[in-house]
């Protein structure tokens, strides 16, 4: 039976080969396709929600405003008044990850979840990391390096803490990327495994169908859980991005 | 795992950067600030409305305080006027009473005097009648007529 391998759903398929530019392969793949689908969904959502913004919002505007207000309050809490300028960035990150996570959960249409690929999450994490570095050095110059020296620590302790701080800072993009990728991969593998259980147990010849009911019920519950995780991981990703930005904006 | 095949990294990373650039510059930036302005305008309007409501309430409170003060001062002046009127009325009454008392006293005195005069006159009359009667009685009984002075003195002694 085809598709029994739970890892097969993560396979990259080249849909339209594009010749490498400067040695970098740019092929349009199923991953690229689902990123563009996510873009289209987000674009429809945002353009419909802000076509004619009014003081008393309509349904679509209220929906966009809910997410906007959520991001604004998150930035106000974690960064403060200087964080307002970065609301569009964090909003973009949140809504993009959310759209990729949720669209990947649609069954039957051959949905692909780009966020289940560490390459994608790592690229996103590096974008955030790069912006944090640019903002940090832009605002504080070389003082940005004092980020690694906890305020008011004595010198002996500081020398021990310094390498730990540097390593943990450099590890941020990787932990950020792995957290999202691992959550998405694990969830999709789990759904796939229980899906194969439904087929395998349901086709038990002596008593057909009956044994397939239990893994099916589990899969229904897992689907709800995965929907929740799709939302939570998008939130965690945006939240950590805002916390890292806070380091760059407010230093300590 | 396809996730760890290095050949898959480059196209995905490049496409992610393209997609994220389109998202940020082409979708979020043209739309979200519009929403931010509306949300800000709404917040301003709400605070403005709350401010004007607070101001209206302050005005109302001030007017109410003015009104209460006006009522209190009006009551105060009314009470003062009433007290003054009551005082002057009492004084006028006292004066009138004293005046009529004096008039009445004078009349009573005059009446007393008249009464005294009348009594004295009446007593004189009675003495004379009594002396006359005593003279005639003594004359009848004794045949001698007492002189007028003795009769009068006896009558006065008997009447006193």
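The calculated FRET efficiency for the pair residue B:67 and residue B:99, based on their C-beta separation and a Förster distance of 35 Å, comes to about 0.15. Note on region A:102-204: Cα Rg divided by 2.2 N^0.38 Å, N the number of residues, gives 1.66.
Within the listed set A:83, A:136, A:202, the Gaussian network model of chain A (springs between alpha-carbon atoms below 10 Å) gives the highest mean-square fluctuation for A:202.
Springs between alpha-carbon pairs under 10 angstrom, Gaussian network model over chain A: which of A:173, A:208, A:88 fluctuates most? Of the options given, A:208 has the highest mean-square fluctuation. Comparing A:223, A:241, A:186 in a Gaussian network model of chain A where C-alpha atoms under 10 Å apart are linked, the largest mean-square fluctuation is found at A:186. In a solvent-free Debye calculation with one equal scatterer on each Cα, what is log10 I(q)/I(0) for region A:8-250 at q = 0.07, 0.11, 0.13, 0.14 Å⁻¹, listed in the order of the q values? With no solvent term, the Cα-only Debye profile gives -0.33, -0.74, -0.95, -1.05.
Taken residue by residue and averaged, Cβ atoms of other chains lying within 10 Å of the Cβ of A:65-77 number 1. With a ≥ b ≥ c taken as the square roots of the eigenvalues of the C-alpha gyration tensor of region A:32-153, please select rounded if a/c is under 1.5 and otherwise prolate if a/b is larger than b/c or oblate if it is not? Taking the square roots of the gyration eigenvalues as a ≥ b ≥ c, region A:32-153 is oblate.
Each helix, a run of at least 4 DSSP H residues, gives -39500 (n - 2.57); summed and divided by the residues of the protein assembly as shown, these come to -27000 deg cm²/dmol at 222 nm. Let me make sure I get this right: for region A:76-133, a, b and c are the square roots of the gyration tensor eigenvalues over alpha carbons, sorted descending. Under 1.5 in a/c it's rounded, otherwise prolate if a/b > b/c, else oblate. Which is it? Oblate is the answer for region A:76-133, as a/c is 1.5 or above yet b/c matches or exceeds a/b.
When every Cα-Cα distance of the protein assembly as shown is counted in 20 angstrom steps from zero, the calculated P(r) takes the values 17, 30, 15, 7, 6, 6, 6, 8, 5, 1 percent.
Taking a ≥ b ≥ c as the square roots of the Cα gyration tensor eigenvalues, with a/c under 1.5 meaning rounded and otherwise prolate when a/b beats b/c, else oblate, which class fits region B:21-81? Cα axes put region B:21-81 in the prolate bin.
Beyond 21 Å, the tail of the calculated P(r) for region B:7-159 holds 80 percent of the Cα pairs.
Each value in this text was obtained by applying a stated rule to the coordinates, not by laboratory testing. This one's a predicted model, so the numbers in the text were calculated from it and none came from an experiment. Cβ sites come from the backbone with ideal geometry, for glycine too, and all protein chains shown count toward neighbours.
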